[in-house]
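> Can you keep this structure in mind? I'll have questions shortly.
The values are calculated or read from the model by the stated rules, or taken from the named source; none is laboratory data. Remember, predicted model here, so these are calculated numbers, not experimental data. Here the Cβ positions follow ideal geometry from the backbone for every residue, glycine too, while neighbour counts run over all protein chains shown.
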Amino acid sequence: MDPYQNRRWVIILVIISISMIFSLRLLYIQVIDKEWSKRAEQISYIKENLQPPRGFIYDRNQELLVGAENVYDIYILPIKVKEKDSIVICDIFQISIEELREKIHLASTGYNVPYKSSVMFESLSKEEFAKIAPLLSMVEGVQGKSKTDRGYPLKTGAHLLGYIRRISQIQLDKFKTQGDLFYSKNDFIGITGIENVYEKELRGERGDANYLRDYAGNKVETIDKNPATPGKDIHTTIDARLQKLGEELMTNKIGSIVAIEPNTGEILCMVSSPTYDPSILTGKKFVESYTMLKSNDSLKPLINRPVYNDNYRPGSIFKLVQSLIALQTGVIQKNTSIVCNKTKIGCHHHEEPTSLMKAIKHSCNPYFLEVYKRLILSKRFDNYFEESRKGLQRWEEMVKTFGFGNPLGVDVPEEKGGFVPNVDFYDKWYGKKRWAFSTIYSNSIGEGEIGVSPIQMANLAAIIANKGYYYVPHLVKKIGRENRQNNFLLKHKTCVDSSHFQTVIDAMQLVVESGTGRSAQIDSISVCGKTGTVENKTFNDHSVFIAFAPKEDPKIAISVYVEYGTWGSKWAAPISSVMMEYYLKRKLSKNGTEKKNNIKEAIILHPNTDFTF
Amino acid sequence: MLCVSLIVFGYFTIYSSSYLGYVQENSFWSHSYGKQMIWIIISVILGTLILLIEGNFIQNSSFIIYSFFLLLLIIVLFMPAIKGAKSWFQFGGFSIQPSEFAKLGCSLAFAKYLSLINVRTQNIKNRIIAASLVLIPALLIMIQPDPGTMLVFVGFVFVLYREGLSGNILLIGLFAVLIAVTGVFFKASASYVTIFGMAISGNLFFGFILLLGFTAAFFIIKYFVLPRYRREKFVRLAIVSVVGICITLSVSFVYDNMFKERHRNRFQIMFGIKEDRKGDGYNIYQALSAIGSGETFGKGYLKGTLSNDKFKHVPEQNTDFIFCVLAEEWGFLGCFMFILLYAAILIRMIMIAERQRSKFTRIYGYCITSILFFHFMINIGMVIGLAPVIGIPLPFFSKGGSAVLAFTLMISILLRLDAERKVVLR
């Protein structure tokens, strides 16, 4: 007998005990301790936010104003880059070998790992990429991936469209406290213009997706996917061609052009000059361009003058408002004759204003001084100061019904409202009972303390064209498939009866036919307009013109403001005529083209401007 | 019963191959699981052939087979290294690992030698020869280097034990390992114990405790053992004490001076002192996650999300870490069944070995049982984080043609010999 045969049981015991230890360990890992299971999830799942594509922006004729442009990011995969290729890579991107090393180092450290590709160069344009694409196929570890950026096919309307940029931490926190959890770091957000006002509509809705990933972090399988809802397209009221023409006309001038369709309030164009190419505020050029635009102090190209510059004095175009209020209150009739008395206020040489029409036609200053006096002071006043206060209050209320003094409600961010002088203002300025009509008479001709933004001027033209009412001027017609927004369908009435408008309209026609605005004439279209020359003490006066056409059925109301433009008829009026002609006929006559070219070439700038544009 | 074992093994083989079949996709033969299929077919054919060979022939050619594989082990050292080890012969798309076959050769020669009429396990000279039969190939494999396979040769201790090696030696060995592991643990944790206001490193403290233990043992012997045995026991105790203290100190020395940083890291990770998800602890972290994600019932066949080739979160998932695939897809129940099955097979093999009349067959049976057992123990132990990471395949599961062929040959030789058990006289 084998003396050791019972030892088999010891060995079997060892086997069984090891098996039991293993089983218990597995029981612990797999069933009891859920920690490992959770860790497995962390390892194998990858959650991704799906970015919705931002909505496009179209003009009123379905032309694309803001679309998407393909740009290319160059990615580098450090583990695949070979030593022998590095010189070729340096050659392709025109960088030194040290720079390349630095890039590779950056792509392999910190949050980046060598077996995952990271961005080496951002936002190469299609042209740039086309140049290097064939060379890239020769080397390993470097490749281009396309993404979309904001694209501006017409390169127009920079101010009204606005721009987007990476969200700042401050904004991010603000949205968080407001309960809007849409944004995360590195997201883009509309800063100005339509991009800002319609941000919520343009941005769309975020989606998310869960993937199974492999060891290198590649997505292998999709578990669930909740696709992003793309942002809605915005259909603006802008006529891109008109806008473009306006920008062309305003080259080397400071000022603005605003055109409105009177019977809807739709803004046809909103030119702010100097302007810039909106595509420079995208992608990698952003910071550089932004700094350049921001540092240009004397011209302030980033400012959207039609809505921000509300301290423009309207000048003689304000005489139209005075006439209408005067007619309404009955202090004058349409054939009231007032002598052109130049003792208090200057005037140029013209025939005697025997009627309101003639006064408007020649823009007679003393006539409107008298009108203003009659408006403020009733015929038999007892207390000069008290009467002035009452009169001014009455006058202010009436003027405000024309959309002055308060923001109109245009869909641009931070619209400014301008200023209509009131009792409180003068009380504060001069002290109570220390001022009277004689102190404030320069308001009569649109000088003095009145401040009006160019869009309010254009709105005035629209009000007259409509004979007494206006719709709030707006930039957007349709959001996605929804039609116009309700607040832009509301009719705003002025305090003046529509019957009184005919006189003023006829007078405006006379202004263009034979008065101060003859340079605004268009062949075969009857234009109604009014010039304005705003006093400027430092340099040439500013040139202002408002108009609408055709007289019988107004399709376009316009305001043009050219700083340092000497007088209304010199620059503002011809610019208006070119704009209106193009809008109404879709082409320019020989006369119009000539005008356009003359205007384009003119440089009208303050002599102190450091000319960088 | 034999048939059952055979079917179970067949099942295992198919099981494993189907796993590998899942691991890779696309065209069948050009991929590793296709190659594995070829190997399995070769293995089955050769295994069947062996069943036709006379058992005596196998027994008589033991030393020739042993010498042949020993020669291969020497030649392979001159082959180009793959993954840092000179373990493979390459023929076109296939590679052969002689160390796998060396286990078979070694088992045969070991059994043959011990079953010779004039060899006794009590004889020192015979012991040394038997030990060197094992140690020579083990050393050659060590040189490659392939510590995992080398470790398997330690399994022959079980055979020696069954054939009469004193159990004390095994116990002492176990004791030494225990002391070493504890020593490493104290060292790795870099713990300090404060005694009488003095900070003593954990390792020294452990040595101190050991010394106390030995002193206690000394007194126990003095008062409880009969005087005539005392002297003998004292000598043994003295040797054990010296060796124990030496091991503790040398562990300290080896840990500080000979280990590289990654070795230290591995130990620290194993003892759970340090968690390192990215570097040295990556493999085991990923493996444990995959196993843990199987939970009770598993994710279902082919539905794993971590350990298969598609996701590859677990490295070496079709060789050393193949158990993760099983654990993830079949969960605890599957793993438990698997362990039961493996234990049952091992025990069954011991039963087969025990019912032999031929000493050669019995020793051979024990040899391959302990080889399989060591593979099983080290591989699973490593994957579930109970042993340090050592590359060693799981028999009949892991990818690797040489291993499949070698294990099939081992089993089929046992089956052949077993079939002849009634013919052979004691």
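> Within segment B:62-102, how many residues turn out to be of a type in the set (Ser, Thr, Tyr), modelled with pLDDT under 90 and surrounded by fewer than 17 Cβ atoms within 10 Å (Cβ to Cβ)?
Taking segment B:62-102 as the starting set, the residues that turn out to be of a type in the set (Ser, Thr, Tyr) are B:62, B:66-67, B:87, B:95, B:99.
Subsequent filtering for residues that are modelled with pLDDT under 90 retains B:62, B:87, B:95, B:99.
Next cut, surrounded by fewer than 17 Cβ atoms within 10 Å (Cβ to Cβ) only: B:95.
Total satisfying the criteria: 1.
> Please work out which residue is farthest from the chain's Cα centre (by Cα), limiting yourself to segment A:52-101 and to residues that are over 20 Å from A:Arg150 (Cα atoms) and of a type in the set (Phe, Trp, Tyr).
Ranking the qualifying residues of segment A:52-101, first place goes to A:Phe93.
> Of all residues in segment B:219-249 being more than 17 Å from B:Ile172 (Cα to Cα) and surrounded by 12 or more Cβ atoms within 10 Å (Cβ to Cβ), which is modelled with the lowest pLDDT? Write out each step before concluding.
Within segment B:219-249, the first condition is being more than 17 Å from B:Ile172 (Cα to Cα), and the residues that meet it are B:219-231, B:249.
With surrounded by 12 or more Cβ atoms within 10 Å (Cβ to Cβ) added as a condition, the list becomes B:220-222, B:225, B:230, B:249.
Details: B:Ile220: 78, B:Ile221: 73, B:Lys222: 73, B:Val225: 69, B:Arg230: 72, B:Leu249: 73.
The residue in question is B:Val225.
> Go through segment A:270-312 and count every residue that is of a type in the set (D, E, K, R), over 20 Å from A:Phe121 (Cβ atoms) and part of a helix (DSSP H, G or I). Full working, then the answer.
Here is the first cut: in segment A:270-312, the residues of a type in the set (D, E, K, R) are A:277, A:284-285, A:288, A:294, A:297, A:300, A:305, A:310.
Next cut, over 20 Å from A:Phe121 (Cβ atoms) only: A:277, A:294, A:297, A:300, A:305, A:310.
Right, trim to part of a helix (DSSP H, G or I) and you get A:294, A:305.
Count: 2.
> Specify the residue that is nearest to the other protein chains (Cβ to nearest Cβ); the eligible residues are those in segment A:53-75 that are part of a loop (DSSP other than H, G, I, E, B) and surrounded by fewer than 18 Cβ atoms within 10 Å (Cβ to Cβ).
Taking segment A:53-75 and keeping what is part of a loop (DSSP other than H, G, I, E, B), we get A:53-56, A:59-63.
Remaining after also requiring surrounded by fewer than 18 Cβ atoms within 10 Å (Cβ to Cβ): A:53, A:61-63.
Values: A:Pro53: 31, A:Asn61: 53, A:Gln62: 48, A:Glu63: 49 Å.
If we take residues in segment A:53-75 being part of a loop (DSSP other than H, G, I, E, B) and surrounded by fewer than 18 Cβ atoms within 10 Å (Cβ to Cβ), then A:Pro53 is nearest to the other protein chains (Cβ to nearest Cβ).
Yes/no per residue for (1) β-branched (Val, Ile, Thr); (2) surrounded by 23 or more Cβ atoms within 10 Å (Cβ to Cβ); (3) over 20 Å from A:Ile164 (Cα atoms):
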site: A:Leu249; (1), (2), (3): no, yes, yes
site: A:Lys253; (1), (2), (3): no, yes, yes
site: A:Leu268; (1), (2), (3): no, yes, yes
site: A:Pro278; (1), (2), (3): no, yes, no
site: A:Gly283; (1), (2), (3): no, no, no
site: A:Ser289; (1), (2), (3): no, no, no
site: A:Ser295; (1), (2), (3): no, no, no
site: A:Ile317; (1), (2), (3): yes, yes, yes
site: A:Leu320; (1), (2), (3): no, yes, yes
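> Now for a separate question. Any residue at all in segment A:120-131 that is assigned to a strand (DSSP E or B) and surrounded by fewer than 17 Cβ atoms within 10 Å (Cβ to Cβ)?
Within segment A:120-131, the subset assigned to a strand (DSSP E or B) is A:120-124.
Narrowing the set further to residues that are surrounded by fewer than 17 Cβ atoms within 10 Å (Cβ to Cβ) leaves A:122.
Yes, there is a match, as at least one residue in segment A:120-131 is assigned to a strand (DSSP E or B) and surrounded by fewer than 17 Cβ atoms within 10 Å (Cβ to Cβ).
> Collect the residues in segment B:157-177 that are more than 12 Å from B:Val240 (Cα to Cα) and either exposed (fewer than 12 other Cβ atoms within 10 Å of the Cβ) or of a type outside the set (A, V, I, L, M, F, W, C) (or both), keeping them in residue-number order. Even if it seems obvious, please write down each step before you answer.
From segment B:157-177, those more than 12 Å from B:Val240 (Cα to Cα) are B:157-167, B:170, B:174, B:177; that's our starting set.
If the condition is that a residue be more than 12 Å from B:Val240 (Cα to Cα) and either exposed (fewer than 12 other Cβ atoms within 10 Å of the Cβ) or of a type outside the set (A, V, I, L, M, F, W, C) (or both), then B:Tyr161, B:Arg162, B:Glu163, B:Gly164, B:Ser166, B:Gly167, B:Leu174, B:Val177 are the ones that fit.
> Within segment A:489-513, track down each residue that is touching a Gly at 6+ places or on another chain (Cβ under 6 Å) and more than 17 Å from A:Ile360 (Cβ to Cβ).
A:Thr494, A:Ser498
> Name the one entry in A:Ile376, A:Ile360 that is touching a strand residue (DSSP E or B) at 6+ places or on another chain (Cβ under 9 Å) and surrounded by 22 or more Cβ atoms within 10 Å (Cβ to Cβ). Let's see the steps before the verdict.
Numbers: A:Ile376 fails: touching a strand residue (DSSP E or B) at 6+ places or on another chain (Cβ under 9 Å).
Just one listed residue meets the conditions, A:Ile360.
> For segment A:31-46, state whether one or more residues are touching a Lys or Arg at 6+ places or on another chain (Cβ under 6 Å), part of a strand (DSSP E or B) and either crowded, with 18+ Cβ neighbours inside 10 Å or more than 8 Å from every other protein chain (Cβ to nearest Cβ) (or both).
yes
> A further question follows. Restricting attention to segment A:2-23, which residues are more than 8 Å from every other protein chain (Cβ to nearest Cβ) and part of a loop (DSSP other than H, G, I, E, B)?
Matches in segment A:2-23: A:Asp2, A:Asn6.
> Between A:Gly207, A:Gly193, which is small (Gly, Ala, Ser), in contact (Cβ under 8 Å) with a residue 40 or more places away in the chain and within 18 Å of A:Arg150 (Cα to Cα)?
Working: A:Gly207 fails: within 18 Å of A:Arg150 (Cα to Cα).
Of the residues listed, the single one that is small (Gly, Ala, Ser), in contact (Cβ under 8 Å) with a residue 40 or more places away in the chain and within 18 Å of A:Arg150 (Cα to Cα) is A:Gly193.
> Moving to a separate point now. Determine, yes or no, whether A:Leu460 is in contact with a strand residue (DSSP E or B) (Cβ under 8 Å, 6 or more places away or on another chain), surrounded by 18 or more Cβ atoms within 10 Å (Cβ to Cβ) and not β-branched (Val, Ile, Thr).
Details: in contact with a strand residue (DSSP E or B) (Cβ under 8 Å, 6 or more places away or on another chain): yes; surrounded by 18 or more Cβ atoms within 10 Å (Cβ to Cβ): yes; not β-branched (Val, Ile, Thr): yes.
In short, yes.
> If I ask for residues that are more than 21 Å from B:Phe360 (Cα to Cα) and at pLDDT 70 or above, which ones from segment B:15-47 would you list?
Filtering segment B:15-47 for residues more than 21 Å from B:Phe360 (Cα to Cα) gives B:15-46.
Result: B:Lys35, B:Gln36, B:Met37, B:Ile38, B:Trp39, B:Ile40, B:Ile41, B:Ile42, B:Ser43, B:Val44, B:Ile45, B:Leu46.
> Now a separate question. Criterion first (at pLDDT below 90 and on the phi > 0 side of the Ramachandran plot) does A:Lys300 satisfy it? Break it down into steps so the answer makes sense when it comes.
Values: at pLDDT below 90: yes; on the phi > 0 side of the Ramachandran plot: yes.
Here the answer is yes, as A:Lys300 does meet what is asked.
> Continuing with this model, one more query. Quick one: B:Gly304 ticks every box in (1) small (Gly, Ala, Ser); (2) in contact with a helix residue (DSSP H, G or I) (Cβ under 6 Å, 6 or more places away or on another chain); (3) within 20 Å of B:Val152 (Cβ to Cβ) bar one, so which box is it?
That leaves (3) as the condition not met.
> Restricting to segment B:309-328, name every residue that is surrounded by fewer than 24 Cβ atoms within 10 Å (Cβ to Cβ) and either at pLDDT below 70 or more than 10 Å from chain A (Cβ to nearest Cβ) (or both).
B:Asp309, B:Lys310, B:Phe311, B:Lys312, B:Glu316, B:Thr319
> Does A:Leu392 satisfy the criteria of being hydrophobic (A, V, I, L, M, F, W, C) and surrounded by fewer than 23 Cβ atoms within 10 Å (Cβ to Cβ)?
Working: hydrophobic (A, V, I, L, M, F, W, C): yes; surrounded by fewer than 23 Cβ atoms within 10 Å (Cβ to Cβ): no.
Judged against the criteria, A:Leu392 is not a match.
> A further question follows. Could you tell me which numbered condition B:Phe374 fails, if it satisfies all but one of (1) aromatic (Phe, Trp, Tyr); (2) in contact with a His (Cβ under 9 Å, 6 or more places away or on another chain); (3) surrounded by fewer than 24 Cβ atoms within 10 Å (Cβ to Cβ)?
Only one criterion is unmet by B:Phe374, namely (2).
> Going through B:Ile380, B:Ile368, B:Ile392, B:Ile363 one at a time, which residue ends up being more than 8 Å from chain A (Cβ to nearest Cβ), closer than 22 Å to B:Gly281 by Cα and touching a residue at least 24 places away in the same chain (Cβ under 8 Å)?
Answer to the check: B:Ile392.
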